[in-house]
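What follows is one structure encoded as structure tokens, with my remarks underneath.
The values are calculated or read from the model by the stated rules, or taken from the named source; none is laboratory data. Being a predicted model, the structure only gives us computed values, none of them experimental. Note that we place each Cβ from the backbone using ideal geometry, even for glycine, and neighbour counts take in every protein chain shown.
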Amino acid sequence: MSRSNLWQFCHKNMRKNKTLTKNIVWEIRRHKLTSKQVARDIAIPTERVRNWFYRSTRMTALDLLCLMRTYDFIKMYIMDMLIDGSDSDL
């Protein structure tokens with residue numbers, strides 16, 4: 001099996017990260033934060049944050065950790081999701 005086919009096979013059903021990113025962006029918007037404010041607060045390039053907000057690309061684990069460190073409401077959202085143990089939010 002070629003590497004490209006193996007990659008497609010392994011990553012074919014990875015939708016949870018995209019949904020998680022979408023839910024986190026919704027939480028950020030609900031708290032009336034702009035992409036520029038978020039990028040400044042967590043010290044990452046504005047283009048990367050804009051990609052989450054407007055292009056529906058997935059965020060990295062490092063971005064999630066920075067968000068959790070900076071914003072308590074994101075940390076609480078993730079902790080509530082982990083305590084529930086359900087995939088209904090994902």
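Taking region 59-78 as the range and being of a type in the set (D, E, K, R), surrounded by fewer than 17 Cβ atoms within 10 Å (Cβ to Cβ) and under 15 Å from T21 (Cα atoms) as the test, only K75 passes. T46 falls short on exactly one of the conditions (1) more than 11 Å from the chain's Cα centre (by Cα); (2) touching a residue at least 40 places away in the same chain (Cβ under 8 Å), and that condition is (2). Cβ-Cβ contacts under 8 Å between residues 6 or more apart (or on different chains), taken from a first residue in region 66-90 that is modelled with pLDDT under 95 to a second residue that is loosely packed, with under 10 Cβ neighbours inside 10 Å and aliphatic (A, V, I, L, M), are listed as C66/A43. The number of residues in region 39-75 being in a helix (DSSP H, G or I), small (G, A, S) and in contact with a Ser or Thr (Cβ under 9 Å, 6 or more places away or on another chain) comes to 1.
Cβ separations smaller than 7 Å between residues 6+ apart or across chains give the following pairs from region 19-38 residues that are over 16 Å from M68 (Cβ atoms) and assigned to a helix (DSSP H, G or I) to residues that are of a type in the set (F, W, Y) and modelled with pLDDT under 95: S35/F53.
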